């Protein structure tokens with residue numbers, strides 16, 4: 001992998017991590033188009049640079065994570081709810097790690113997940129329109145735990161962690177903005193744990209050259225993600241999920257057609 005390829009993948013990660021279009025799916029497509037072989041380091045890289053993206057959440061929502069009343073009951077509840085929501089992914093992430101790794105190189109799985117997820121997003125706004133008319137509600141511990149199980153579904157490349165958890169939030173009667181922000185917050189412990197797990201598992205792959213690639217990817221992902229998060233909330237409030245669904249369907253269908261015609265994505 002070259003520095004240029006690390007920058008391109010960092011941009012893809014930053015743009016897609018918090019949109020309901022699957023950052024992992026786009027990273028797999030990106031590596032295929034760039035002609036990068038999905039070896040162990042590349043798989044670790046695609047997970048690791050998510051850390052740069054989640055740091056953008058901490059920066060943008062600094063007062064939420066580190067309020068002036070840090071030790072207050074309300075602040076402690078915020079952290080406890082994130083821990084509760086994180087538990088399902090922590091358990092299934094370890095149990096299914098081997099199978100997830102196998103799917104990380106599957107463009108076919110990504111294309112199918114993008115297509116099916118896109119169809120679902122076409123109907124989300126109508127299904128949960130009533131949520132926008134109701135007063136904002138506090139996320140309960142039970143609701144947080146249920147949203148956490150939606151995050152487990154997103155371990156399938158192409159599903160989208162943000163998309164799955166936002167839908168989970170909507171099913172708990174949160175409005176679109178609340179569901180999106182809780183999804184952002186939940187990304188912090190989830191992606192931090194995934195990054196550390198991958199680094200510890202693959203520490204023998206780290207050398208001076210690879211450290212440089214990881215740093216570049218993380219920094220680029222961090223900068224781009226800050227822009228993407230701000231834009232996403234505005235787009236979500238104005239247009240809802242429909243156009244994200246349309247985008248997923250188009251990308252998924254195009255990839256399926258290319259694969260069916262046996263066209264190598266690396267030549268695009």
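The values are calculated or read from the model by the stated rules, or taken from the named source; none is laboratory data. Given the structure is predicted, the values throughout are model-derived calculations rather than measurements. Please note: Cβ atoms are built from the backbone with ideal geometry, for glycine as well, and neighbour counts cover all protein chains shown.
Annotations
- Residue 62, sole failed condition from (1) in contact with a helix residue (DSSP H, G or I) (Cβ under 7 Å, 6 or more places away or on another chain); (2) within 26 Å of residue 24 (Cα to Cα); (3) surrounded by fewer than 16 Cβ atoms within 10 Å (Cβ to Cβ): (1)
- Residue within the stretch 187-210 that is under 17 Å from the mean Cα position of the chain (by Cα) and without any contact (Cβ under 8 Å) to a residue 24 or more places away in the chain present: yes
- Residue in the stretch 72-81 that is buried (at least 19 other Cβ atoms within 10 Å of the Cβ), within 20 Å of the chain's Cα centre (by Cα), under 26 Å from residue 224 (Cα atoms) and touching a residue at least 40 places away in the same chain (Cβ under 8 Å) present: no
- Of the helices (runs of 4 or more DSSP H) contained entirely in the stretch 79-163, those carrying at least 1 residues that are under 25 Å from residue 243 (Cβ atoms) and modelled with pLDDT of 90 or more fall at 107-127, 141-153.
- Of all the residues in the stretch 234-250, those that are over 20 Å from residue 24 (Cβ atoms) and either surrounded by fewer than 16 Cβ atoms within 10 Å (Cβ to Cβ) or modelled with pLDDT of 90 or more (or both) number 8.
- Among the candidates 57, 33, residue that is surrounded by fewer than 24 Cβ atoms within 10 Å (Cβ to Cβ) and outside any loop (DSSP other than H, G, I, E, B): 33
- Residue list for the stretch 13-29, restricted to those being surrounded by fewer than 24 Cβ atoms within 10 Å (Cβ to Cβ) and under 22 Å from residue 206 (Cβ atoms): none
- The residue pairs whose first member lies in the stretch 84-98 and is more than 18 Å from residue 142 (Cα to Cα), whose second member is surrounded by 15 or more Cβ atoms within 10 Å (Cβ to Cβ), and whose beta carbons are closer than 6 Å, counting only pairs six or more residues apart or on different chains, are 92/152.
- Any hit, the stretch 121-130, residues being touching a residue at least 40 places away in the same chain (Cβ under 8 Å) and within 17 Å of the chain's Cα centre (by Cα): yes
- Residue in the stretch 203-214 that is farther than 27 Å from residue 145 by Cβ, assigned to a helix (DSSP H, G or I), modelled with pLDDT of 90 or more and in contact with a helix residue (DSSP H, G or I) (Cβ under 7 Å, 6 or more places away or on another chain) present: yes
- The single condition from (1) surrounded by fewer than 22 Cβ atoms within 10 Å (Cβ to Cβ); (2) touching a residue at least 12 places away in the same chain (Cβ under 8 Å) that residue 260 fails is (2).
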